[in-house]
Amino acid sequence: MILKYLKHFAIAATSWALTSSEDDILVGGQAVIEGVMMRSPKAYSVAVRRQDGTVKVMKEALLTMGEKWKIFKVPFIRGMGVLGQALVLGIRALRFSAEEALAEENAKKGAAKPEKDAAQVSSWLIAGNLVLALGINILLFFGLPLLITRVLQTQIGFDNSIVFNGIDGLFRVLIFVTFIYSVSWMKDMNRVFQYHGAEHKTVYNFESRQPLSVIAAQKFSTLHPRCGTSFLLVVAIVSILVFSIAHFDTFTGKLLARIVLLPLIVGISYEIIRYSAKHPKSLLRIVTLPGLLLQKITTQPPDDSQVEIAIKALEEALAVENPNRVLEATSAV
């Protein structure tokens, strides 16, 4: 039970790094437990492979945040809506994959529980892990770097705001990379990272306008500039500039500023990622390069069966949005 809890916590804590951003043109997704969630502009789907080889799918049409509220169409604000909706969909996807995993374990023990009970257990499990992960992420990636930098400031005696926030940002990145690298040693997380790679390959396949197929997808890289891993490193860079402008002297003021100003930083970072994805030759693409290097940890080469799941998830999402579009895209598979 403890190992199961740690596995779900690790996935919940790193879900922000396993998510690809999407907008009104592009597709994206997220790796989950033995599966992939894929998001198209107007729908999403989660495909999970069970140990008996069968594939379970959950799919649904949806509206973007910009379609629900016009304010989320405004540049620098739309990124908050995209990220918020991505997190909500990520929670649903994790819950679905967790339910399937728990159902299989119960079936093996010969004590299968009613679906309602399994859903309730997984809901509490995912919710508890997300709350715990959020608290630990704030302390680990905001509180701890700030505390270390504050101690160094006391010992060395520097007062420059840019220097302070530069050191703080450096420690934030180092802690983030160390955390991701440590988690990657977990066997179950390595499987999730393989599905993460499958998701990226499938997105590349779709963006290339080639028919979706395992053979075609496997030719592409597992590294993608719109990945949540790249996004978080862009956030770290942007935060250095924002925190340098919004200057606070006290430790409490600095910590609260890092939480309150996070939506603004997310909005700016999203615009950078969005622009660089649509303009590969622009200078802003350089900002995403460190994230691509870090994806060598958060993505692993998938096998064909994992790519099949990613393609299945994308096809199902596209089918909800436009059935004719899927038939055309897969006619040559």
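The values are calculated or read from the model by the stated rules, or taken from the named source; none is laboratory data. As the structure is a prediction and not an experimental result, all values here were calculated from the model. Virtual Cβ from ideal backbone geometry, glycine too; neighbours counted across all protein chains shown.
A few points about this structure:
- Any hit, region 276-296, residues being among the β-branched types (Val, Ile, Thr) and surrounded by 14 or more Cβ atoms within 10 Å (Cβ to Cβ): yes
- Within region 198-225, being crowded, with 24+ Cβ neighbours inside 10 Å and either not hydrophobic (A, V, I, L, M, F, W, C) or not in a helix (DSSP H, G or I) (or both) holds for 199, 200, 201, 202, 205, 224.
- Among residues of region 79-102 that are under 17 Å from residue 231 (Cα atoms) and part of a helix (DSSP H, G or I), those with a Cβ under 9 angstrom from a residue that is at pLDDT below 80 and among the basic types (Lys, Arg), sequence gap 6+ or separate chain, pair up as 79/274; 82/274.
- When residue 233 is tested against the conditions (1) within 30 Å of residue 188 (Cβ to Cβ); (2) surrounded by fewer than 20 Cβ atoms within 10 Å (Cβ to Cβ), the lone failure is (2).
- Which numbered condition residue 269 misses (of (1) hydroxyl-bearing (Ser, Thr, Tyr); (2) modelled with pLDDT of 90 or more; (3) within 30 Å of residue 168 (Cα to Cα)): (2)
- For region 226-247, filtered to residues that are small (Gly, Ala, Ser) and assigned to a helix (DSSP H, G or I), the residue that is nearest to the chain's Cα centre (by Cα) is 228.
- Subset of region 42-60 [under 20 Å from residue 203 (Cβ atoms) and either at pLDDT 90 or above or surrounded by 18 or more Cβ atoms within 10 Å (Cβ to Cβ) (or both)]: 43, 44, 45, 46, 47, 48, 49, 55, 57, 58, 59, 60
- Across region 283-333, the number of residues qualifying as in a loop (DSSP other than H, G, I, E, B), at pLDDT 80 or above and not hydroxyl-bearing (Ser, Thr, Tyr) comes to 4.
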